[in-house]
Amino acid sequence: MAKAAKKADARPAQTIVVQTGNEVAATAAKHVDYHIMGYYPITPSTEIAETLDAMKAEGEHDIRMIPGDGEHGAAGICFGATSAGGRVFNATSANGLLFAFEQLPVQSGTRFPMVFNIVTRSVSGPLDIRGDHSDIMLAMNTGWIILMASDAQAVYDMNVMAPKIGEEMSIRLPVMVAFDGFFTSHQKRRIEVFEDPKTVQNFLGPFVPTVTSVDPRRPVTIGPYMNDPDLINNKKQQADAMVRSHAVIKKVFAEFEALSGRRYEILDLYRMEDAEAALFIVNSAAETAKEAVDALRKEGKKVGLIRPTVIRPFPVEEIREALSKVKGLVVADRQDNYGAYGGAMTIEIKAAIQGVKGNRTMVASRIYGIGGKEFFVEDGVTMLREAVEIAKTGEVKVPYDYLGANAGETAFVPAMAYAPIPEAAVSGFTRVETGADGKMVVRGVNYRALTAREKRIAPGHGACPGCGIFTNLDTFLKGIEGFVTVLFHTGCGMVVTTGFPYTAHKVTYVHNLFQNGAATMSGITEMFEERKKRGEIPKDEKITFIMVTGDGGHDIGIGPSLGAAARGNRFILIEYDNQGYQNTGSQLSFTVPLGHSTSTSNFGPFQHGKSTHHKDTAQIFNAAHIPYVFTASESIPRDLIRKAVKAQKYAEEGLVFGKLISYCPLAWRTEDQLAWPILQAAVDCCFFPLYEIERGITTINYDPEEKGKRVPVGEWLKTMGKTRHMLRTECKPVLDAFQAEVDRRWARLKEMHKNPLL
């Protein structure tokens, strides 16, 4: 927490706002006036991009916001943008940071400054979206300066200071500002911000590039291959810059105090003047822990607290000075370095005091708060009492332990959620024949008979009312015979069916993250075949493998899915297309159509929804020349079931891809019960045509023109709150462009239907 300094009359005006940590991070970015933000949505950092986009739609800033196809892509966008000579901003959390990881040393090693907000969160797996420090501590050795913001005020202030620190000519390093997911990111607080953004921009001064990739009169080589001993010299220079940044950080802190009246120190020391026992703790939990210090002080215990505001460069000298009189120290880590007997801060502290002549500080490590587990005053008291005991006895009886974990029952074996589905209960309902023209013909699609097929997904999951995912999947699975194994990407379908210790899946289920589901399923199918080959599984065993993606999963995950197509892995890949990243709050995905409004493509006076056309994944997979591609809608269920039957058969040859339009009343802003007319309008306006491609030959299965049912796209758009603005006069150019693109794609599809060679 910043320390208030005596106010000077010459200070620029500030105003009080009530904002969350995420919102004030966006406010700071607006005040900095970055050239570019490269981003990708992930909980709990997504609100930063959402807030900035909403501001942009209202004309409050002109930052160019560029959506990535994943966090790795967003990091690449940022690197490219910094090389072109301007200020760049990004924000992410948890596995998003890890997915971008490869790019982090590229950014720091080439010495291009930028600012990256890390809204700290637990790293998968298993998946958990709540706050701890397992992400930021993994980033400590990537060469970035890392500032730790313990509250929302510090989020604003450090985001203002970060560019000035990183852009210093003797430093030129990127900077992370880390604050606690949900604890800081989502809690509303009273925050002082500068009334005039020019105050921030004058404090920072103009961005001064060293070299750029966009100066043809001064050509440069950025990121060359390094020969021996060039790389070690490069890294020595980078290391020296990191060491120099310590003094620069202190200088910028002092300059910001003069500007704002708020004082920051490298270490926030609380009641440490005579402390013999202390707690070292990072970010938001420190404020709670200070109450624990006060409680033990009332008992006469000489205890104190240390909270760092900077962890890279690590404040070694300040740590040594703060601990000079401390005999017992407990270091509280909200993450663990597995096998190192302590979290990252424990290891850093021990390294800092090792070799100090006369050092008397004995250190114990306590892991707490993993996965967002609440930290209470009582927890702080417990750790401080341990520190007092260490100071008293001079002995660390338990050097490393978890606080708040339950031992559990070692003999516990989880019960099977559902009895295995007998093969007979899911077989014998449909059959495939070969027609006179050599094409596959499906028989047995009888609604009444198919109601007897055992469901693979049980009722009672947590999906929103009206959610189309499970209507689609249940209908599709009615056409699938025999045993199945399913894999779900991260997304709504995954989250609402597998809240531990419960599951809605009556068959074997696997989860992996957006970017690697298809590769995971490839590994499953290949191992299944190899084990059959070796006689470890009966050779006549048959399992249909089905991967389910959606919620924008074929932005971040398109590469691995196309890799599975290129390998010819034998499984069915189903994409439920609900036109956005709905599991993180309806952000822009490349599946979102032109003009549609999301939380990162807002409609406003200065922005009219998404600015580009939707990704046609069915045609992308058709270009991979896989055996079978299809589109389907729950509004015509017989067609969907018939295609499922074909998909199972074609999956014996290689990858099958199916795209299902999926109703999302929450994000589409419609009533729960209106799925059928809205989905059918999407089909009838030819936005979502129903067709199949068998071994390269296209067949349109439903032609609204032939049936006299075709309608303009406006008839579909007027049914949804996310698109009604497109019918306004000022949006007519957007509507016309959308109609023209739908017409073009439909005309092209009809030509493919007519000509087997297309």
Mind listing whichever residues of the stretch 609-627 are crowded, with 23+ Cβ neighbours inside 10 Å and either closer than 30 Å to GLU58 by Cα or over 31 Å from the mean Cα position of the chain (by Cα) (or both)? GLY609, LYS610
Out of the residues in the stretch 176-212 that are small (Gly, Ala, Ser) and crowded, with 17+ Cβ neighbours inside 10 Å, state the one that is farthest from MET161 (Cα to Cα). GLY181
In the stretch 220-268, which residues are hydroxyl-bearing (Ser, Thr, Tyr) and modelled with pLDDT of 95 or more? SER245, SER260, TYR264
For the stretch 36-55, name all the residues that are outside any strand (DSSP E or B) and either on the phi > 0 side of the Ramachandran plot or surrounded by fewer than 22 Cβ atoms within 10 Å (Cβ to Cβ) (or both). THR43, ALA54, MET55
Any idea how many residues of the stretch 378-417 are farther than 24 Å from ILE349 by Cβ and surrounded by 13 or more Cβ atoms within 10 Å (Cβ to Cβ)? 1
What do you reckon, is TRP746 in contact with a Pro (Cβ under 8 Å, 6 or more places away or on another chain), in contact (Cβ under 8 Å) with a residue 12 or more places away in the chain and part of a helix (DSSP H, G or I)? yes
Determine, yes or no, whether THR199 is assigned to a loop (DSSP other than H, G, I, E, B) and either closer than 30 Å to GLY380 by Cβ or not aliphatic (A, V, I, L, M) (or both). no
Taking only pairs six or more apart or across chains, which ones have beta-carbon atoms under 6 Å, a first residue in the stretch 391-415 that is closer than 19 Å to GLY339 by Cα, and a second residue that is surrounded by 13 or more Cβ atoms within 10 Å (Cβ to Cβ) and among the hydrophobic types (A, V, I, L, M, F, W, C)? VAL396/MET362; VAL396/ALA364; VAL396/ILE390; PRO399/ALA364; TYR402/ILE367
Starting from residues that are closer than 17 Å to GLU291 by Cα and part of a loop (DSSP other than H, G, I, E, B), keep the ones in the stretch 357-392 and report whichever is farthest from the chain's Cα centre (by Cα). PHE376
For the stretch 399-417, name all the residues that are modelled with pLDDT of 95 or more, touching a Lys or Arg at 6+ places or on another chain (Cβ under 9 Å) and not in a strand (DSSP E or B). LEU403
Under 7 Å between Cβ atoms, at least 6 apart or on separate chains: pull out the pairs that start in the stretch 350-364 with a residue that is closer than 12 Å to GLY394 by Cα and in contact (Cβ under 8 Å) with a residue 24 or more places away in the chain and end on any residue that is surrounded by fewer than 19 Cβ atoms within 10 Å (Cβ to Cβ) and of a type in the set (D, E, K, R). VAL363/LYS350
Got a sec? Which of GLY371, GLY339 is closer than 27 Å to ALA94 by Cβ, touching a Lys or Arg at 6+ places or on another chain (Cβ under 7 Å) and not hydrophobic (A, V, I, L, M, F, W, C)? GLY371
Can you tell me which residues in the stretch 116-141 are in contact with a strand residue (DSSP E or B) (Cβ under 9 Å, 6 or more places away or on another chain), modelled with pLDDT of 95 or more, more than 13 Å from VAL310 (Cα to Cα) and surrounded by fewer than 24 Cβ atoms within 10 Å (Cβ to Cβ)? ALA139, ASN141
Mind counting the residues in the stretch 155-196 that are under 16 Å from VAL208 (Cα atoms), part of a loop (DSSP other than H, G, I, E, B) and in contact (Cβ under 8 Å) with a residue 60 or more places away in the chain? 6
Within the stretch 303-324, count every residue that is among the small types (Gly, Ala, Ser), surrounded by fewer than 19 Cβ atoms within 10 Å (Cβ to Cβ) and part of a helix (DSSP H, G or I). 0
Residue in the stretch 556-565 that is hydroxyl-bearing (Ser, Thr, Tyr), assigned to a helix (DSSP H, G or I) and either under 17 Å from GLY658 (Cα atoms) or modelled with pLDDT of 95 or more (or both) present: yes
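The values are calculated or read from the model by the stated rules, or taken from the named source; none is laboratory data. Please read all numbers here as calculations on a predicted model, not as lab measurements. So basically every Cβ, Gly included, is an ideal-geometry build from the backbone, and we count neighbours across all protein chains shown.
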